[in-house]
Amino acid sequence: MTEKTRFAEKNLQLVREFDRYIQEHPDFAEKIPDNALVVMNIEGDEEFNHWAKNTAQGVAEADNQIVYVNIIDLKPVRSRITKLDLRMAA
(Lines give C-alpha, C1' and ligand atoms only; values in the text may rest on other atoms or scores of the structure.)
Protein backbone atom coordinates (compact mmCIF):
# COMPACT_ATOMS: atom_id res chain seq x y z
CA MET A 1 0.00 0.00 0.00
CA THR A 2 1.42 3.36 -0.99
CA GLU A 3 1.74 6.22 1.47
CA LYS A 4 -0.88 8.18 -0.48
CA THR A 5 -3.33 5.27 -0.28
CA ARG A 6 -2.62 4.73 3.42
CA PHE A 7 -3.25 8.42 4.18
CA ALA A 8 -6.42 8.46 2.06
CA GLU A 9 -7.78 5.45 3.96
CA LYS A 10 -6.86 7.03 7.29
CA ASN A 11 -8.60 10.24 6.24
CA LEU A 12 -11.73 8.33 5.27
CA GLN A 13 -11.86 6.68 8.69
CA LEU A 14 -11.38 10.05 10.41
CA VAL A 15 -14.15 11.64 8.35
CA ARG A 16 -16.50 8.82 9.39
CA GLU A 17 -15.60 9.39 13.03
CA PHE A 18 -16.07 13.14 12.59
CA ASP A 19 -19.51 12.55 11.09
CA ARG A 20 -20.45 10.51 14.16
CA TYR A 21 -19.05 13.21 16.43
CA ILE A 22 -21.05 16.04 14.87
CA GLN A 23 -24.22 13.95 14.99
CA GLU A 24 -23.73 13.80 18.75
CA HIS A 25 -22.46 17.42 19.01
CA PRO A 26 -24.45 19.47 16.47
CA ASP A 27 -23.30 22.72 18.10
CA PHE A 28 -19.77 21.97 16.91
CA ALA A 29 -20.97 21.61 13.31
CA GLU A 30 -22.65 25.03 13.52
CA LYS A 31 -19.20 26.62 13.89
CA ILE A 32 -18.16 25.38 10.43
CA PRO A 33 -18.89 27.92 7.68
CA ASP A 34 -21.09 26.98 4.74
CA ASN A 35 -19.11 25.72 1.76
CA ALA A 36 -16.06 25.04 3.95
CA LEU A 37 -13.53 22.37 3.05
CA VAL A 38 -12.98 20.45 6.27
CA VAL A 39 -9.48 19.00 6.70
CA MET A 40 -8.82 16.36 9.31
CA ASN A 41 -5.60 16.64 11.34
CA ILE A 42 -4.30 14.41 14.11
CA GLU A 43 -2.32 15.90 16.96
CA GLY A 44 1.24 14.57 16.77
CA ASP A 45 0.99 13.05 13.26
CA GLU A 46 2.82 15.69 11.25
CA GLU A 47 3.33 13.45 8.22
CA PHE A 48 -0.40 12.83 7.84
CA ASN A 49 -1.24 16.48 8.61
CA HIS A 50 1.17 17.67 5.91
CA TRP A 51 -0.45 15.30 3.39
CA ALA A 52 -3.95 16.45 4.42
CA LYS A 53 -3.04 20.14 4.09
CA ASN A 54 -1.43 19.69 0.67
CA THR A 55 -4.33 17.58 -0.57
CA ALA A 56 -6.88 20.14 0.62
CA GLN A 57 -5.03 23.01 -1.00
CA GLY A 58 -4.96 21.05 -4.25
CA VAL A 59 -8.71 20.41 -4.35
CA ALA A 60 -10.08 23.58 -2.72
CA GLU A 61 -12.17 25.80 -4.93
CA ALA A 62 -11.95 29.60 -4.88
CA ASP A 63 -15.03 29.98 -2.67
CA ASN A 64 -13.99 27.30 -0.14
CA GLN A 65 -12.75 28.31 3.25
CA ILE A 66 -10.37 25.64 4.52
CA VAL A 67 -11.16 24.62 8.10
CA TYR A 68 -8.80 22.34 10.02
CA VAL A 69 -10.29 19.95 12.57
CA ASN A 70 -7.51 18.92 14.93
CA ILE A 71 -8.21 15.57 16.58
CA ILE A 72 -6.59 15.72 20.00
CA ASP A 73 -7.71 12.38 21.41
CA LEU A 74 -8.87 9.35 19.46
CA LYS A 75 -9.85 6.16 21.24
CA PRO A 76 -8.96 2.80 19.69
CA VAL A 77 -11.52 1.38 17.27
CA ARG A 78 -13.67 -1.26 18.87
CA SER A 79 -16.35 -3.48 17.51
CA ARG A 80 -19.92 -2.69 18.50
CA ILE A 81 -20.89 -6.36 18.10
CA THR A 82 -21.98 -7.79 21.43
CA LYS A 83 -22.77 -11.37 20.43
CA LEU A 84 -21.93 -13.65 17.50
CA ASP A 85 -23.01 -17.02 16.19
CA LEU A 86 -20.68 -19.09 14.02
CA ARG A 87 -22.14 -21.59 11.53
CA MET A 88 -20.05 -23.82 9.30
CA ALA A 89 -21.19 -24.53 5.77
CA ALA A 90 -22.04 -28.15 5.16
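The values are calculated or read from the model by the stated rules, or taken from the named source; none is laboratory data. Please read all numbers here as calculations on a predicted model, not as lab measurements. Every residue, glycine as well, gets a Cβ built from its backbone with ideal geometry; the counts of neighbours run over all protein chains shown. To get the accessible areas, we keep the full protein, side chains included, count just its heavy atoms, and leave off ligands, DNA and RNA. Shrake-Rupley method; radii C 1.70, N 1.55, O 1.52, S 1.80 Å.
Using Cα atoms only, what is the angle between the long axis of helix 46-59 and the major principal axis of the chain, expressed in degrees (0 to 90) to the nearest 10? With rounding to tens, the tilt is 60 degrees.
Solvent exposure of the chain amounts to 86 Å² per residue of accessible area, where only protein heavy atoms count and the probe is 1.4 Å.
Ranked from largest to smallest solvent-accessible area, with a 1.4 Å probe on the protein heavy atoms, Met40, Met88 come out as Met88, Met40.
For Val67, enumerate residues with amide H under 5 Å from its amide H, sequence gap 5+ or separate chain, H modeled in the peptide plane. When sequence neighbours closer than 5 places are left aside, the close amide H contacts are Leu37, Val38, Val39. For the chain, take the longest principal axis of its alpha carbons; what is the angle in degrees between that and the long axis of helix 3-24, to the nearest 10 within 0 to 90? Between the helix axis and the principal axis of the chain, the angle is about 90 degrees.
Taking all Cα pairs closer than 8 Å and separated by 6 or more residues, the relative contact order of the chain comes to 27 percent. Only lysine pairs 8 or more places apart or on separate chains count here, and in the chain those with Cα atoms under 29 Å apart total 10.
Of the trypsin sites (Lys or Arg not before Pro) found in the stretch 1-36, those that fall in a DSSP loop while having at most 11 other beta-carbon atoms within 10 Å are Lys31. Taking the 1.4 Å solvent-accessible surface of the chain as the whole, the part contributed by carbon and sulfur is 51%.
Taking max minus min of the alpha-carbon positions on each principal axis, the chain gives extents of 59, 36, 26 Å, largest first. Under 5 Å from the amide H of Ile42 lie the amide H atoms of Asn49, Ile71, each residue being 5 or more positions distant or on a separate chain, with H modelled from the backbone and absent for Pro and chain starts.
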